[in-house]
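A short worksheet on the structure shown next.
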Amino acid sequence: MATGWAGDNAVNEQIEATVKEAVERARLRLPQGPGLERCEECDAPIPEARRKAVPGVRLCVACQAAHDEEAGFSAYNRRGSKDSQLR
C-alpha cells in the first residue's frame, strides 16, 4: 500500500501518542497529596485505607458514589460493544 511520506506504522503511532497525552492530562487533574480525614460534604470520617488508596480524597465512599451518579459516571460499559457481545 502506498503511504507517501508516512511510515508503515504512522497511524498507530499517532493514535498511541494521542492516547498517552490524554492519560497524562487526566492524571494531572487528579487530586494530589494527603486526603482529608473527614468528608467535606457530610463530615463522616474517611478511613485511613481509603486515604492511602486514593491520594487527595475529599469524599467518603457514599458521597463519592452519589457524586459519580449525578455526574453520569459509570465504571461499566453499557454500550454493548461488539466485543462484549461475543463473550
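Here are the numbers for this structure:
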read-out	value
Three-way shape call for the stretch 1-60 based on the alpha-carbon gyration tensor, with the a/c threshold at 1.5	prolate
Charge tally in the Cβ shell below 14 Å around ARG50, where Lys, Arg are +1 and Asp, Glu are -1, ARG50 excluded	+1
Average projected area [Cα convex hull, the stretch 34-73], square nanometres	2.6
Mean Cα-pair separation over length for the stretch 34-73, i.e. relative contact order, pairs under 8 Å, 6 or more apart, %	40
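Values in this text are rule-based calculations from the coordinates and carry no lab data. If you're wondering where the values come from, they're calculated on a predicted model, not measured in any experiment. So basically every Cβ, Gly included, is an ideal-geometry build from the backbone, and we count neighbours across all protein chains shown.
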